[in-house]
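One structure below.
The values are calculated or read from the model by the stated rules, or taken from the named source; none is laboratory data. Just so you know, these numbers come straight off a predicted model, no measurement behind them. Note that we place each Cβ from the backbone using ideal geometry, even for glycine, and neighbour counts take in every protein chain shown. SASA here: full protein model, heavy atoms, side chains in, ligands and nucleic acids out. Shrake-Rupley method; radii C 1.70, N 1.55, O 1.52, S 1.80 Å.
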Amino acid sequence: MRGRSAVPWVAAPLLAVAGAVLVTGATAPQDRSPRTNYALHCQGCHLPDGSGKPGAVPDMRGELGRLAAIPGGREFIVQVPGTASAKLDDAQVTALLNWLVPAMGPPVPGGFRPYSVEEVGRLRRQRLKQVEPLRSELGRAIAAQRR
């Protein structure tokens, strides 16, 4: 085989498998764990550890449980644009939030009441028109809780 490389013969089957994985996905989206969905849909902005980007994306660490415990906070978590418009179905978002709120902490006072699929679906369809004013108001409520 002078002048010819064996690489195309080896590479062709590997490329076919890689293409099939890209087209179909390694696992069906509904089979992904909440942690995997966080990695695929959230950590681009919130970063792998939930720390966010100062001045642009809030830090969820040690705050998400507090937010879930105040009036309007539970709803806000579902209605923020990243959650409301995530390319996940309501059941996947529900599983993600039910994992994420306790994972980011702190523990919700009185215990975290898991989201239901119906609640998430209803709230996702009630999108926020102005996120920043509500985020500021909720931040003040969290600060007042700490006093």
Summing +1 per Lys or Arg and -1 per Asp or Glu among the other residues with Cβ less than 14 Å from R61's Cβ gives -1
Just to confirm a number: summing +1 for Lys and Arg and -1 for Asp and Glu over residues other than V78 whose beta-carbon lies under 11 angstrom from that of V78, what do you get? +2
Give me the tail of P(r) for region 90-141 as a percent: Cα-Cα pairs with distance above 14 Å. 64 percent
Once normalised by the length of region 23-147, the mean sequence separation of its alpha carbon contacts under 8 Å that are 6 or more apart gives a contact order in percent of 28 percent
Could you give the length gained on full extension between C45 and A91, defined as 0.36 nm per residue of separation minus the Cα-Cα distance, in nm? 14.4 nm
Counting only heavy atoms of the protein chains, get the accessible area per residue of region 34-147 (1.4 Å probe) and round it to a whole Å² value. 55 Å²
S85 - accessible surface, heavy atoms, 1.4 Å probe, Å² rounded to 10: 60 Å²
Which order do you get for E132, E63 if you rank them by accessible area with a 1.4 Å probe, largest at the top? E132, E63
Taking R32, R127, R74 and ranking on accessible area (1.4 Å, protein atoms only), highest first, one gets R127, R32, R74
